[in-house]
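Chemist: Shown below is the structure under consideration.
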Amino acid sequence: MSREELLSLIERKKQESHGLLSDEGAVRLLAQQLAGLSGEGVNISDQRISSVQAGLSDATISGEILSVSQLREFQRSDGSVGKLVRVKLKDGSGQITCVLWDSTAEIVEKEQLGDGSRLRLAHGYTRLGLAGEVEFHLGSPTGPSLGSAGSEERVPASISPETVRVRIRKLQKSRGENGPAWALCENEDGLTMAKFWDDNMETVLSMGEGSVITIKNPWMTERNGMVYLNAGARSSITKETHVDIESPPPVTIASIKPGPKLYTTRGVVVERTDPREIETREGRRTRVSNIRVEDGTGKIRVALWDNHAQFVESLRMGDAIRLTGIKARESSNGELEASTVFLTQIEKS
């Protein structure tokens, strides 16, 4: 129907309610009635993807498939075989990575769902992925809902990945004897910081930078707004000799958002300050310098901490640089700013 006809029906619905319905209430009621006439389900309770946050235990989303990964099998600690598929889903508000486990992954493969297919995922849970972005997870014996669907059973929110494959970009042993070994890692999801404990500390140090490894039974932690991948006594590490992982491409400065995600970007230095010594809130003395970088889409101030602060002495105005592993936040005056983390890499390009 035309826009004018739809607005007329909404206004009539409000008049019929004698002023009790708001615009939104009239639209929802009308949508339900029109759905009943057409025989199609309208899922008003579905969340817009842009509103999905980490930590939800019962969320339902729907949208159009942008991409589907190949089904991957892995062995769980109890010997059983697990399966997963990654789906990139979008609606009118945004997009999100969905991780589908076991029977839900099998359904996606069996139905040969691909780019452009409609998909509804009911009663899933959300968490931060390795790259610090929100992921939607679903695993259920009843499977996902394809297109319009009726009622479904609630999905347990306790399913978590048991294997992770990453490439080690940078590796450093902790000053303490008990570890951990720290690593800046990457895979198709982006960048993440990892910590290797116990016997895994010496194991990963022997494998070295550039190695592609598979970690079984890792766990995730969050501290000071950073997401960490951990491998400890119950975890195991295997070096992959015939597998390669491509580095995620740099993003534009305009696309950087505040949050736990680590970014790779590049641009030209347009401002710089000399290193200065400060005392942190914990009482630790450290050094910091600041640069401002632009790339044609925007500018961002980057704080270079600790050992990174010295790098500014080799920079000149107009130098092109690449920053791998910076974290963004919103400053007190509402501006976007970034900072280095422990293993950030800074290179002249």
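Chemist: Looking only at the range 327-349, filter to residues that are polar (S, T, N, Q) and in contact (Cβ under 8 Å) with a residue 60 or more places away in the chain; which one of those is least open to solvent (accessible area, probe 1.4 Å)?
Modeler: Applying the first criterion (polar (S, T, N, Q)) to the range 327-349 yields 331-333, 339-340, 344-345, 349.
Among the residues that remain, those that are also in contact (Cβ under 8 Å) with a residue 60 or more places away in the chain are: 344-345, 349.
Details: Thr344: 2, Gln345: 37, Ser349: 101 Å².
Only one residue fits best here, namely Thr344.
Chemist: Give the residue that is farthest from Met193 (Cα to Cα), with candidates limited to residues of the range 290-326 that are open to solvent by 50 Å² or more (accessible area, probe 1.4 Å) and among the hydrophobic types (A, V, I, L, M, F, W, C).
Modeler: Once the filter is applied, the top-ranked residue is Met317.
Chemist: With modelled with pLDDT under 90 and closer than 23 Å to Glu222 by Cα as the only criterion, which of Arg285, Arg281 stands out? Reasoning before the result, please.
Modeler: Details: Arg285 fails: closer than 23 Å to Glu222 by Cα.
None of the others qualify; the one that does is Arg281.
Chemist: Can you pull out every residue in the range 120-138 that is open to solvent by less than 30 Å² (accessible area, probe 1.4 Å), of a type in the set (A, V, I, L, M) and at pLDDT below 85? Break it down into steps so the answer makes sense when it comes.
Modeler: Of the residues in the range 120-138, the ones open to solvent by less than 30 Å² (accessible area, probe 1.4 Å) are 120-122, 124-126, 129-132, 135-138.
Narrowing further to those that are of a type in the set (A, V, I, L, M): 121-122, 130-131, 138.
Listed by number, the residues that qualify are Ala122, Leu130, Ala131.
Chemist: Among the listed residues Leu56, Leu84, identify the single one that is surrounded by 15 or more Cβ atoms within 10 Å (Cβ to Cβ), under 18 Å from Leu130 (Cα atoms) and more than 16 Å from the chain's Cα centre (by Cα). Before the answer, list the steps.
Modeler: On the way: Leu56 fails: more than 16 Å from the chain's Cα centre (by Cα).
Unique residue meeting the criteria: Leu84.
Chemist: Separate question: Where residues in the range 103-115 are open to solvent by less than 50 Å² (accessible area, probe 1.4 Å) and of a type outside the set (A, V, I, L, M, F, W, C), which of them is farthest from Ser80 (Cα to Cα)?
Modeler: Pass one, the range 103-115, residues open to solvent by less than 50 Å² (accessible area, probe 1.4 Å): 103-105, 107-108, 113-114.
Imposing the further condition that a residue be of a type outside the set (A, V, I, L, M, F, W, C) reduces the set to 103-104, 114.
Values: Ser103: 14, Thr104: 16, Gly114: 28 Å.
Step by step, filter the range 103-115, then rank; the result is Gly114.
Chemist: Restricting attention to the range 213-228, report how many residues are modelled with pLDDT of 75 or more and acidic (Asp, Glu).
Modeler: 0
Chemist: Still on this model: Six or more apart or on different chains, Cβ under 6 Å: which pairs go from a residue in the range 14-35 that's closer than 20 Å to Met1 by Cα to one that's at pLDDT 70 or above and surrounded by fewer than 13 Cβ atoms within 10 Å (Cβ to Cβ)? Could you list them?
Modeler: Close Cβ pairs (under 6 Å, with a partner that is at pLDDT 70 or above and surrounded by fewer than 13 Cβ atoms within 10 Å (Cβ to Cβ)) do not exist here.
Chemist: Something else: Go through (1) in contact (Cβ under 8 Å) with a residue 12 or more places away in the chain; (2) within 20 Å of Arg329 (Cα to Cα); (3) basic (Lys, Arg); (4) surrounded by fewer than 16 Cβ atoms within 10 Å (Cβ to Cβ) one by one and return the number of the condition Arg223 breaks.
Modeler: Of (1) in contact (Cβ under 8 Å) with a residue 12 or more places away in the chain; (2) within 20 Å of Arg329 (Cα to Cα); (3) basic (Lys, Arg); (4) surrounded by fewer than 16 Cβ atoms within 10 Å (Cβ to Cβ), only one is false for Arg223: (1).
Chemist: Then there is this: Output the residues belonging to the range 226-260 that are of a type in the set (Phe, Trp, Tyr) and open to solvent by 70 Å² or more (accessible area, probe 1.4 Å). Give the steps one after another, and end with the answer.
Modeler: We begin by selecting, within the range 226-260, every residue of a type in the set (Phe, Trp, Tyr); these are 228.
Result: no residue meets the conditions.
Chemist: Still on this structure, please answer the following. Of all residues in the range 139-166, which are at pLDDT 85 or above and either buried (at least 20 other Cβ atoms within 10 Å of the Cβ) or in contact with a Phe, Trp or Tyr (Cβ under 9 Å, 6 or more places away or on another chain) (or both)?
Modeler: Of the range 139-166, the ones at pLDDT 85 or above are 164-166.
Once the filter is applied, which keeps residues that are at pLDDT 85 or above and either buried (at least 20 other Cβ atoms within 10 Å of the Cβ) or in contact with a Phe, Trp or Tyr (Cβ under 9 Å, 6 or more places away or on another chain) (or both), the range 139-166 yields Val164, Val166.
The values are calculated or read from the model by the stated rules, or taken from the named source; none is laboratory data. These numbers were taken from a predicted model, which means no experiment stands behind them. Cβ atoms come from the backbone with ideal geometry, glycine included; neighbour counts cover every protein chain shown. Just so you know, the surface numbers come from the protein's heavy atoms only, side chains and all, with ligands and any DNA or RNA stripped out. Shrake-Rupley method; radii C 1.70, N 1.55, O 1.52, S 1.80 Å.
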